[in-house]
Amino acid sequence: MTAKYIQQIIFNDTGLKTSVKKGTGSMKGYLIITPMFQSGEYPNFPFEFTQELKNKLSEFDYDNYPLFCSTGQISIYGILDERMQFKRESKPKPIDNNKTQKGWGSKNSQIRLDKATARYAKRMSKGGCARYY
């Protein structure tokens, strides 16, 4: 059995796209299947579906390497790492509509311009002249 087969079962039964990653640390040897970002949120697996899937995957439930099935992720030990790649959805970027001051360039260059402007204003108040390019 492969991760691709399990991903296909999940997609057919729930319509959820999933991603697969290898476990690290104490979860070494496990493959962890989690739902991907879709429709503006990270969905969970339906509870009834996870119980049915746990029964289907009972052959991978070992004494010292148990099978973990929750609504957030499914962790299986000892299956082949052959995955199905789903197209990723991009997360919406927040729009900041309450900008009061127009900025040019990056934030760092804007800070540099502001410091130079303050320095030249101080010089002009003492009777000097400002530097212009």
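Let me have the relative contact order for the range 3-77, percent, based on Cα pairs under 8 Å that are six or more residues apart.
26
Can you compute the charge dipole magnitude of the range 25-101 about its Cα centre, using +1 on each Lys and Arg Cβ and -1 on each Asp and Glu Cβ, nothing else charged? Give it in debye, rounded to the nearest 20.
That gives the range 25-101 a dipole magnitude of about 500 debye.
Tell me, what is the FRET efficiency for residue 22 and residue 93 to the nearest 0.05, using R0 = 41 angstrom and their Cβ-Cβ distance as r?
0.85
Hey, fewest Cβ within 10 Å first, where do 123, 83 land in order?
Final ranking by Cβ density, sparse to dense: 123, 83.
So which lysines pass the test for residue 126, namely a Cα distance under 22 Å, with those fewer than 8 places away in the same chain ruled out?
115
With bins 10 Å wide starting at 0, give me the P(r) of the chain over every alpha carbon pair, in whole percents.
For the chain, the pair-distance distribution reads 10, 29, 17, 8, 11, 11, 9, 5, 1.
How much length is gained on full extension from residue 54 to residue 39, taking 0.36 nm per residue of separation minus their Cα-Cα distance?
Extending this stretch completely gives an extra 2.8 nm.
Need one number: % antiparallel among DSSP beta bridges in the chain, to the nearest 5.
Roughly 90 percent of the beta bridges in the chain run antiparallel, per DSSP.
All of the numbers you see were taken from the coordinates with simple rules; none came from a lab. No experiment lies behind these values; they were computed from the predicted model shown. Positions of Cβ are backbone-derived with ideal geometry, glycine not excepted, and every protein chain shown enters the neighbour counts.
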